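The values are calculated or read from the model by the stated rules, or taken from the named source; none is laboratory data. All figures in this text were calculated on a predicted structure; none of them were measured in a lab. Every residue, glycine among them, receives a Cβ derived from its backbone with ideal geometry; neighbour counts consider all protein chains shown. Just so you know, the surface numbers come from the protein's heavy atoms only, side chains and all, with ligands and any DNA or RNA stripped out. Shrake-Rupley method; radii C 1.70, N 1.55, O 1.52, S 1.80 Å.
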Amino acid sequence: MMDAADSDLSIPNDVQCFLLADKMSCVRWVPQLMEDEHFFVTGSWGNKVNAVNLWNLVHDELTDGESGVPLVPKSTAKFCVTGDVVGLDFINDTNLVSVTSEGTLSVLDLNRESALSYDFTHKFNMHDLHTVEGRQSACSAMSVSKFDQYVITGGEDGIAKIISGEAGKVINNILHPDNSSISCLSFIYPNVVVTGRHCGMLNIYDIRGDCNVPVASTGTCHEEDHEMTVPMCVNYLPKHKSLILAGLENGSIITWDIRMPNDATYEFGEHSDPITDIKFTTRQDIQFSADAGGKVVQCSVGNMPSFMAYYVEKKQTRMQDFKPINSIDVNEQHMICGGDAEMLFMIDLW
């Protein structure tokens with residue numbers, strides 16, 4: 001890695017760096033672990049054969065577990081895929097869903113072999129979820145999200161597909177008149193889905209009714225420039241799911257309370273590059289965002305007493321790498337960051 005003294009990079013002392021062999025498109029902590037466990041999964045991109053890898057951060061075997069010795073990542077399982085991994089999410093504590101640029105969805109079961117080891121059991125694949133209109137050739141899935149046992153994928157074909165994670169079959173489709181590619185999406189509630197489209201629109205759908213007609217929409221253009229920009233990622237405030245945030249290609253963030261669908265706000269923050277991921281801690285209202293310039297920003301956020309307004313109280317840059325950070329995730333104690341530098345970064349949160 002480059003020396004921060006010779007560049008504008010800022011890798012603080014509280015950031016641990018681990019060299020991995022692949023560029024990472026996705027990183028996710030394994031849920032429901034004990035406080036001293038460090039299992040996580042990564043999805044790679046850019047290789048002839050890519051993979052979903054399961055890792056455990058352990059003490060180096062040569063140190064005999066001495067306290068204060070840095071942890072090192074140890075691979076415990078690997079599942080190879082065709083195409084790039086473009087999305088990872090946990091359906092529950094043990095079932096992981098992966099989607100690829102070839103339009104394939106895979107569900108993996110994490111079998112716990114011991115206190116220090118898991119393994120993957122492949123449950124099923126669903127191929128060609130998204131196809132080019134008028135042809136049978138597959139196109140890329142772009143994003144994946146889940147709610148309970150249901151999974152939703154969005155593709156270049158502009159269609160969002162709702163899938164039963166247990167049965168492995170499509171149970172509903174969300175179409176759109178202009179077929180604009182879906183760049184990001186998220187389940188907010190069991191029946192509510194938000195999608196970000198390449199044309200610069202954010203749409204909300206109630207899947208109990210007509211899935212082809214959004215119940216609310218907002219454009220990503222700012223009132224000063226009137227130019228639409230691509231939503232790159234979308235998430236919601238854990239304590240108030242009606243408040244969603246979308247990171248945009250121009251480095252700004254849209255805040256949208258779906259209870260007031262005509263009143264979205266457009267915020268310029270600490271990012272000047274496309275925002276790749278937004279995550280929140282559950283312990284406090286802390287928001288993290290990452291971008292394609294390698295920056296990770298932490299914000300303290302809050303709500304007015306009426307819960308109708310969202311505001312940022314404090315911002316700080318937690319790290320700055322020299323290549324894109326594509327994905328971040330947080331658990332009770334740590335944040336992990338993965339991207340194009342073939343490095344995993346881990347940051348202590350408290």
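Assess whether T282 counts as being modelled with pLDDT under 95, open to solvent by 40 Å² or more (accessible area, probe 1.4 Å), out of contact with any helix residue (DSSP H, G or I) (no Cβ under 7 Å at 6 or more places or on another chain) and not in a strand (DSSP E or B).
yes
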### Query
Which of the residues spanning the stretch 78-93 are open to solvent by 10 Å² or more (accessible area, probe 1.4 Å), of a type outside the set (K, R) and part of a strand (DSSP E or B)?
F79, C80, V81, V86, D89, F90
### Query
Do you know which residues across the stretch 157-197 are part of a loop (DSSP other than H, G, I, E, B), modelled with pLDDT of 85 or more and more than 26 Å from N125 (Cβ to Cβ)?
S180, N191
## Note on the structure
E267: passes all of (1) within 27 Å of N172 (Cα to Cα); (2) part of a strand (DSSP E or B) but (1)
### Task
Could you check how many residues of the stretch 94-112 are part of a loop (DSSP other than H, G, I, E, B), more than 17 Å from the chain's Cα centre (by Cα) and in contact (Cβ under 8 Å) with a residue 40 or more places away in the chain?
1
### Query
From the set of residues in the stretch 249-279 that are among the aliphatic types (A, V, I, L, M) and over 14 Å from G293 (Cβ atoms), which is nearest to the chain's Cα centre (by Cα)?
I278
### Task
Kindly establish whether D157 is acidic (D, E), open to solvent by less than 60 Å² (accessible area, probe 1.4 Å) and closer than 26 Å to L108 by Cβ.
yes
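I'd like the residue in the stretch 114-141 that is outside any loop (DSSP other than H, G, I, E, B) and exposed (fewer than 11 other Cβ atoms within 10 Å of the Cβ) and, out of all such residues, is modelled with the highest pLDDT.
H122
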